[in-house]
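All of the numbers you see were taken from the coordinates with simple rules; none came from a lab. Because the structure is predicted, anything quoted here is derived from the model rather than measured. Glycine gets a Cβ as well: all are built from the backbone with ideal geometry, and neighbour counts include every protein chain shown.
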Amino acid sequence: MAISYTSREQIEVYRFSVPVTVGVPLAALFLQAFLPRIISFFSIFDLPLLVTIFFAVARRNQVSGLLTGGVIGILQDSLAHRYVGLYGIAKTVVGYVASSLGVKLDLENPGARLMVTFGFYILHEIVYFLVARLLVREAVGFRWGHLAFAALCNAALAVILFMILDRFKRRA
Amino acid sequence: MENIITRYRNFTILVAVLFAQFLGLAMQVKRTTDSQSTLLIRVWAVSTVTPLEKAFVFTTHGIRNVWRNYFYLRGVRRENRELQAEISQMRLEQARLAEDAAQAHRLQALLGFKEQFISQTMPAQVIGSSGSDQSRIIYIDKGARDGLKVDIDQPLPVITDQGIIGRVLRVFHSSSQVLLVNDTSSGVGAILEKSRLQGVLKGTPSGDAVLDKVMSDEQVEPGERVLTSGGDRIFPKGLLIGYVRDVRPGADLFLRVRVRLSANLSKAEEVLVITKVDEREPTAAEARGPVRAIDILTNRLPSVPVKPPSDQPANSEKTPSAAANGGGSAPKTTAGKPAEPKTGIKPNATASVHSVPGVASEQSPALKNKVATSTSTTPRPKVKPAVSATTGATTSPAVAQGNHPDEPVKAPAPAPMVTAPAQDPPAQDLSPQNQPPQGHRR
């Protein structure tokens, strides 16, 4: 089984240098805005969400996780044309839950990462939909088939991306 | 209480952060109803990301252009030959369409239609997008620095040669945000080309475009062209949007007409921002169409001396055409240039040609020869001369072509240009050196 219960002592907490902490989210935002113009299919990915999950799980700190998610989400909102805060709220929730899960579970395994990212992507979309539809009455769609496919694609990309980002980890 | 907060510290922070964001959302909802302002964080984020995007776009385009223009030239000669053949075909087609366009202009002038002309555009390069399926926007490399302005009442449309793209939503210092037509918050006034049914083109969450507000009892054929109707006051009328993909029954009494957009929104690289649209009536010169040699020639001929009708007083100075124009004094023909009738519409070429036979019958033999020379190359129109044989009153071409004679003649109808001259025009007008060269005649 990919996901295993571990004691607090067995879980390692990581930290990142300032350039990585700032640069990786900004690079994710930039690539997310730029690459879909070259590769249309790339719009199905959500690189800022993957980065949020990665940092939240690696740091295993709930406050750090929710703040990272909130800031990345608000920046992503700023590049879109809808209200600022829709992605912010969704990613804040995901960052908090991901770091909470990271405290209790060992998520270094690729299989675990695949499943966890799949679940977090769906959680992210549900929160976004609820806030956008119920709170500010934005016309956003919710299609289960597309959601499952997008979640699978993001989970697959997360496995590769997390392996690359693992190189920037430092033990705390 | 303090103990609870300390115990659930992380959760408390989560609630506080979420609450702050909810509060921010609520403030934005209120602000957008008051005014269309741009948040500072949006300006910062765009100002950070767009320079990088610009640098990447210019670099990749530079590399690609060097490759395509200097190295990868395979098949260019064959393509050139094909393009030359295509140009020849299109020239023929253009000549045919020009005639239709001139006719359309004449009709529009008669009906007093106002046309919208795209008088000023600004080319721009697409440099990025929101990167999200929930927000279908693109960024272009032109902003306030380049003269773009955002106007809530008159947003700037963005088009390509293939069709419409969207409208400018926000303008930043060196970039602008363009809302694509397939976004759910977009709306474009549209009309079907053949059936002339009007509707509103909207985007769907999946990125499709749907023509809304078409009644379910209407017939819509797949493949029909969808154009802008101009009803949204954003896009000028007649721009291509796309083609009908399929038609299904929609909600209530409306059809759900899915539209395949003609412009590839996800691959658009260069776009045009329409910065100025003029609205004006076609001028008389445009309405008249291209000037022909025969028209110039006939204008130089002396006018028809219209005989006063028997039931009119002989000393009446009003000519029939003047009476038709409102009873004012008759417009006189000056040397080589006919006076305009008071309707404001210049006489068209057809009316000029109509007057020629009557002129020839009352002129000297030398003049008859000239007229015969000038008219021999032009097929004589089948429409009857506009001067009535019985009363001498001027009738409009519409009446002459079979309309009921009792119908009132509307003012804009092209009245014949020829009126009674005060005296015969000077002889030098008819001298050979004043005639247009033979090659100009048709």
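What ³J(HN,Hα) values, in whole Hz, does the Karplus curve 6.51 cos²θ - 1.76 cosθ + 1.60 give for the stretch A:73-85 when θ = phi - 60°, with x put for Gly and Pro?
Here the 3J(HN,Hα) series is x, 5, 5, 5, 4, 5, 8, 9, 10, 8, 5, 6, x Hz.
Using a cut-off of 15 Å between beta-carbons, work out the net charge of the residues near B:ASP151 (Lys and Arg +1, Asp and Glu -1, B:ASP151 not included).
Computed value for this residue: +3.
So what's the net charge close to B:THR60: Lys and Arg +1, Asp and Glu -1, counting the other residues with Cβ under 13 Å from its Cβ?
Every neighbour counted, the sum reads +2.
Quick one: Karplus J couplings for the stretch B:50-57, per residue in order, coefficients 6.51, -1.76, 1.60, θ = phi - 60°, nearest Hz, x for Gly and Pro?
Rounded to whole hertz, the list is 5, x, 5, 5, 4, 4, 5, 5.
Pairs to check: A:LYS104/A:LYS169; B:LYS149/B:LYS267; B:LYS202/B:LYS237; B:LYS30/B:LYS276; A:LYS91/B:LYS149. Give those whose C-alpha atoms are more than 22 Å from each other in this structure.
Violating the 22 Å limit, Cα to Cα: B:LYS149/B:LYS267; B:LYS30/B:LYS276; A:LYS91/B:LYS149.
Please list, ordered by chain and number, the residues whose modelled amide H lies under 5 Å from the amide H of B:ARG256; skip anything fewer than 5 residues away on the same chain.
Sorted by chain and number, the residues that satisfy this are B:ARG248, B:GLY250.
Using Cα-Cα distances under 8 Å and only pairs 6 or more residues apart, what relative contact order does the stretch A:54-172 have, in percent?
23
Give me the distance between the Cα centres of the stretch A:99-172 and the stretch B:37-77, rounded to whole Å.
30
Give the long-range amide H neighbours of B:VAL277: residues separated by 5 or more places, or on another chain, with amide H under 5 Å away, using H modelled in the peptide plane at 1.01 Å from N.
Distant-sequence amide H within range of B:VAL277: B:SER119.
Report, as a whole number in µm² per second, the diffusion coefficient that Stokes-Einstein gives for the stretch B:186-233 at 20 °C and 1.002 mPa s using the Kirkwood radius over alpha carbon pairs.
Stokes-Einstein gives a translational diffusion coefficient of 193 µm²/s.
As a footprinting exposure proxy, order B:ARG136, A:ARG167, B:ARG145 by other Cβ within 10 Å, with the fewest listed first.
A:ARG167, B:ARG145, B:ARG136
As a footprinting exposure proxy, order B:ASP141, B:ASP278, A:ASP46 by other Cβ within 10 Å, with the fewest listed first.
Ascending number of Cβ neighbours within 10 Å: B:ASP278, B:ASP141, A:ASP46.
Quick one: 3J(HN,Hα) in Hz for the stretch B:177-192, Karplus 6.51/-1.76/1.60 with θ = phi - 60°, rounded, Gly and Pro as x.
Going residue by residue, I get 9, 10, 7, 6, 6, 9, 7, 5, 8, 8, x, 10, x, 10, 9, 7 Hz, with x marking Gly and Pro.
If you filter the stretch B:199-244 for trypsin sites (Lys or Arg not before Pro), then keep DSSP loop positions with at most 11 other Cβ within 10 Å, what is left?
Listed in order of number, the matching sites are B:ARG233.
Kindly provide the helix-only [θ] at 222 nm of chain A, computed as the sum of -39,500 (n - 2.57) over DSSP H runs of four or more divided by all residues, to the nearest 500 deg cm²/dmol?
Taking each H run of at least 4 residues, the total per residue is -22500 deg cm²/dmol.
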